[in-house]
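Below is one structure; the comments refer to it alone.
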Amino acid sequence: MRDEKVAGETPCARGDHRWWHRWGWLGVCGEGAQLPSGQGRTEQRQNRIFSFSRRRKAVKFGCPGKDKCKNSSEMPETITSRDAARFPIVASCTLLGLYLFFKIFSQEYINLLLSMYFFVLGILALSHTISPMMNRFFPANFPNKQYQLLFTQGSGESKEEIVNYEFDTKDLVCLALSSVVGVWYLLRKHWIANNLFGLAFSLNGVELLHLNNVSTGCILLGGLFIYDVFWVFGTNVMVTVAKSFEAPIKLVFPQDLLEKGLDADNFAMLGLGDIVIPGIFIALLLRFDISLKKNTHTYFYTSFVAYIFGLGLTIFIMHIFKHAQPALLYLVPACIGFPLLVALAKGEVTEMFSYEESSTPKEAAGASKEEPTEASKKEK
C-alpha cells in the first residue's frame, strides 16, 4: 500500500488473433511502489491492456470461422514460461517509452486520452463483474431478450467474423449501471468510483489469466521482483511516469475519512499489480490443492496468509524508513517461500513442481470427443 492521492499506470498491449490476449485482460495490471504519507504522488507502473468477455456467452474477436474460436473465448489464457520470462522486458520497454512520451508531448492531451480510454475500459470491466450478482435481483418474469452484435469481413467461403458478441437485456442493465459509475469517475475522479473500477480490473485479471505450473509462476514473480526493485530504487523513470497521469489502476484507502468523510483526499494506495500478479499464483496453488484430492486447501491458505504477511511487512518498512517501497520486494519471497516450506515439510515438493495444468481448450475439447468414441468401440 502507499500513501498519496492518485497515480496512473501505463498500459502495454500486445495483440493476438485469439480473443484471449496473452498480454491482455479486462483491466490493467500494475505493480506499485509504496509511498509514505505526504511524499508526492505514488510511484506506480504499467502492464497490460484489456480484453472483454462474457464467461457464459460467446464473445469472439478476430476468429476465422464461426466455431473455431468458441472454446478459446470461454477459457482463460494460460501464461507460459516464455511469456513469463518476457513480461518484465516488455513492461520495462513500455515504461521507458511512456517516460519519453511524456517528456516530448503535452501531458494535458495524454491525460485526456487516457481518461477516455479508462472510462470505456472501466465500464466494460465493471459490467462484466457485477453481472452474476445482478442476475439474482431480476424477477423471474423479467422480459429478457437475446441480442447479437456481429461484424464480418468478406463474403461467401472467405467470410470471417471480426466481432461476434451475444448479450441480453440483463447485460444492458448492468452496462447502464456501470456507465453511471463511469461518468461519475470521469467527472469527479472520486475514490469510490476509482475503487469500483480497480476491483473490477483485479477480479477480471485473476479470472482471465492462468499460470500453467509453479515453475512458470516463479519465473513471472521473480522477473517482476527484479523489475519492481530496479525501477523504484534504480531510476526516477517510475516516479516521473506516475506523476504524469492518473488512472483507476489502484485501490485507494482514505486515511482522513473520519475527518473529511467522502471528500477525503489523503490516501494509502495499493497497485493492482500487487493484487493480480500474486493473485494468479495463489489461484494456481488452489488448483494444485484440488488436484491432490485430499479435501484440504493447505497451499492456498498458506499463500493467502503469506500475501497478507508480505503486504503488512511492506507497510511496516514504509513507515519505518519513510520511503517508497516496491511491494513485490516483500510479496514475492513471502508468496513463494511460505508454500515451498510447507511442501518441504510435507514432502510434496516434487508433486508441486511437477503439477501441470491441463492443455489448451482445443486439446481438451478433442480429448472429450475421443473418450466416448473409444468407449463405444469397447461396447461393440
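The values are calculated or read from the model by the stated rules, or taken from the named source; none is laboratory data. It should be emphasised that the depicted structure is a prediction, and the values quoted were computed from it without experimental measurement. Quick reminder, even Gly has a Cβ in these numbers, built from the backbone with ideal geometry, and neighbours come from all protein chains shown. Only protein heavy atoms, including side chains, enter the accessible area calculation; ligands, DNA and RNA are left aside. Shrake-Rupley method; radii C 1.70, N 1.55, O 1.52, S 1.80 Å.
For segment 212-225, residues that are open to solvent by less than 10 Å² (accessible area, probe 1.4 Å) and within 17 Å of D274 (Cβ to Cβ) total 4.
Among the residues making up segment 255-282, those that are open to solvent by 40 Å² or more (accessible area, probe 1.4 Å) and outside any helix (DSSP H, G or I) are Q255, D265, N266. Every condition in (1) surrounded by 14 or more Cβ atoms within 10 Å (Cβ to Cβ); (2) polar (S, T, N, Q); (3) at pLDDT below 50 is met by S368 except one, and the failing one is (1).
Among residues of segment 146-160 that are closer than 28 Å to L172 by Cβ, those with a beta-carbon under 8 Å from a residue that is open to solvent by 100 Å² or more (accessible area, probe 1.4 Å) and part of a strand (DSSP E or B) at least six positions away or on a different chain give the pairs K159/Q153; E160/Q153.
Determine whether segment 242-254 contains at least one residue that is assigned to a helix (DSSP H, G or I), β-branched (V, I, T) and farther than 20 Å from F316 by Cα. No, segment 242-254 has no match at all. The set of residues in segment 202-252 being touching a strand residue (DSSP E or B) at 6+ places or on another chain (Cβ under 6 Å) and of a type in the set (S, T, N, Q) consists of N204, N212.
Among the residues that make up segment 200-207, is at least one of them among the acidic types (D, E) and surrounded by 23 or more Cβ atoms within 10 Å (Cβ to Cβ)? No, segment 200-207 contains no residue that is among the acidic types (D, E) and surrounded by 23 or more Cβ atoms within 10 Å (Cβ to Cβ).
Applying the condition of being open to solvent by 70 Å² or more (accessible area, probe 1.4 Å) and of a type in the set (D, E, K, R) to segment 150-165 and asking which residue is farthest from S244 (Cα to Cα) yields E157. Of all residues in segment 226-248 being open to solvent by 60 Å² or more (accessible area, probe 1.4 Å) and in contact with a Pro (Cβ under 8 Å, 6 or more places away or on another chain), which is nearest to L329 (Cα to Cα)? Among residues in segment 226-248 that are open to solvent by 60 Å² or more (accessible area, probe 1.4 Å) and in contact with a Pro (Cβ under 8 Å, 6 or more places away or on another chain), the one nearest to L329 (Cα to Cα) is I226. The combined condition, being in a helix (DSSP H, G or I), under 27 Å from the mean Cα position of the chain (by Cα), at pLDDT 90 or above and within 30 Å of S215 (Cα to Cα), is not fulfilled by F119. Of all residues in segment 166-175, those being of a type in the set (V, I, T) and either surrounded by 15 or more Cβ atoms within 10 Å (Cβ to Cβ) or in contact with a helix residue (DSSP H, G or I) (Cβ under 9 Å, 6 or more places away or on another chain) (or both) number 1.
Counting the residues of segment 331-365 that are open to solvent by less than 50 Å² (accessible area, probe 1.4 Å), of a type outside the set (A, V, I, L, M, F, W, C) and at pLDDT 50 or above gives 5. Screening segment 101-149 for residues that are among the aromatic types (F, W, Y) and within 21 Å of L199 (Cβ to Cβ) and picking the one that is most open to solvent (accessible area, probe 1.4 Å) gives F137.
Among the numbered conditions (1) open to solvent by less than 20 Å² (accessible area, probe 1.4 Å); (2) free of Cβ contacts under 8 Å to residues at least 12 places away in the same chain, the only one that K294 does not meet is (1). With respect to (1) aliphatic (A, V, I, L, M); (2) in contact (Cβ under 8 Å) with a residue 12 or more places away in the chain; (3) open to solvent by 30 Å² or more (accessible area, probe 1.4 Å); (4) out of contact with any strand residue (DSSP E or B) (no Cβ under 9 Å at 6 or more places or on another chain), the lone exception for L187 is condition (2).
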